[in-house]
1. Can you compute the modelled spin-label distance between Arg33 and Thr71, with each label point 7 Å from Cα toward Cβ, in nm?
2. Report D for the stretch 2-102 in µm² per second (integer): Stokes-Einstein, Kirkwood Rh on Cα pairs, 4 °C, 1.567 mPa s.
3. How many lysine pairs does the chain hold where the Cα atoms are under 22 Å apart and the two sit 8 or more places apart or on different chains?
4. Please give the net charge around Phe5, taking every other residue with its beta carbon less than 14 angstrom from that of Phe5, where Lys and Arg add +1 and Asp and Glu add -1.
5. Calculate, for the stretch 2-102, the solvent-accessible area per residue in square angstrom, rolling a 1.4 angstrom probe over the heavy atoms of the protein chains.
6. Full-extension gain between Ile81 and Ala104, please, as 0.36 nm times their residue separation minus the C-alpha to C-alpha distance.
7. Would you work out what percent of the accessible area of the stretch 2-102, with all protein chains in place, is carbon or sulfur (probe 1.4 Å)?
8. Return one number: the angle in degrees, 0 to 90 and rounded to the nearest 10, between the long axis of the Cα atoms of helix 88-103 and the longest principal axis of the Cα atoms of the chain.
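The values are calculated or read from the model by the stated rules, or taken from the named source; none is laboratory data. Predicted, not measured: the structure shown is a model, and the values here were computed from it. Cβ atoms come from the backbone with ideal geometry, glycine included; neighbour counts cover every protein chain shown. SASA here: full protein model, heavy atoms, side chains in, ligands and nucleic acids out. Shrake-Rupley method; radii C 1.70, N 1.55, O 1.52, S 1.80 Å.
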Amino acid sequence: MIAAFSLVPSGGRASREDGGVAEAVAAAVRVIRESGLPNRTNSMFTEIEGSWDECMDVVKKATEAVAEYGTRVSLVLKADIRPGRTGEMTGKLERLEAEISKQA
C-alpha cells in the first residue's frame, strides 16, 4: 500500500503568529524516516509504502508526534491499496514518464 497523508496541529504551541507548523511537521517526518519504510515528503503530503499495518502504525505515531504541538490534529489520508505490489512509489512514476515519452 501507498499512504499519502498530511498532519496539521492547531491550538496550543501550534498557534504561532505566522501560522507556520514546520516544527511539528519536522517531528512527524522524523518519525516517518525512522520507520524505515520508503517515504517521500513534499510541500503538501508525505507518502509511505508498506503493508497496511506498517503504514497505519507510522501514521499513528506521526500523528502522536504532531499532537505534542497543539490541542488537536487534522489528518488527511489517502491510500492506494494494491496487494502483492511493492516499489510502487517509484514504479508508478516510471510508468507515467515512459508513457509521456511515448506520446511525445
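1. 3.2 nm
2. Translational diffusion coefficient: 89 µm²/s.
3. 4
4. Here the count lands on -2.
5. 65 Å²
6. My answer for the length gained is 5.2 nm.
7. 54 percent
8. 50 degrees
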